[in-house]
Amino acid sequence: MSIGAAGTFVIRRPIARSQLRDEIARRLPFEAHIVICEGRDIVRLMSADHVADAAPGVVRFISVLSRRPRGAPPLPMSIPDSGEWLVKILGRDGRFVFGVYRRHMKGSVYLGSLDRLFGVPVTTRNWNTMSEIVRTISAPSASRRERSRRR
């Protein structure tokens, strides 16, 4: 199931990461970094609610690192480091980085610099997208609903 417009998928059946990565890469007409994580890790992260409700004009986000970085910047941190912040990285939990950004044209540019900061490919999603993933994972699948109706 696809969620959002940025290539976020929920796969409901067991599949090896390598097989899933190969299948997605085969279907793409371009080369891409494919970041895969377990639904249970997203559910755990979102249940901790590391980021309180954001003020108007501020957006909560979660970035998923493609793998654990060898080193990482000290957190929390603000970007840029002087003047008015546009991105605040509040913390990290394993491969997940969470924070807030201001609705500003340069905000997305600074989010794009997380790859360089952490030294690994990173993909970022809005908090609402991650919440939708949790709802999708938590909802019974159509096949389970069908089986329970037949009983």
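Values in this text are rule-based calculations from the coordinates and carry no lab data. Fair warning: this is a prediction, and the values are worked out from it, not measured in the lab. Cβ atoms come from the backbone with ideal geometry, glycine included; neighbour counts cover every protein chain shown.
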Give me R27, R95 sorted ascending by neighbouring Cβ count inside 10 Å, so fewest comes first. R27, R95
To the nearest 500 deg cm²/dmol, what mean residue ellipticity at 222 nm is calculated for the chain from DSSP H runs of n ≥ 4 alone, each contributing -39,500 (n - 2.57), summed and divided by the residues? -10000 deg cm²/dmol
With unit charges on the beta carbon (Lys/Arg positive, Asp/Glu negative), name the residue among G112, V100, V58 whose Cα is farthest towards the positive pole of the charge dipole of the range 39-139. G112
Within the set G112, G71, G94, GNM on the chain using Cα springs under 10 Å gives the largest fluctuation to G71
Tilt, helix 127-138 to longest principal axis of the chain (alpha-carbon atoms), in degrees rounded to tens, equals 20 degrees
Taking neighbour Cβ counts within 10 Å as the exposure measure, how do T124, T136 sort from fewest upward? T136, T124
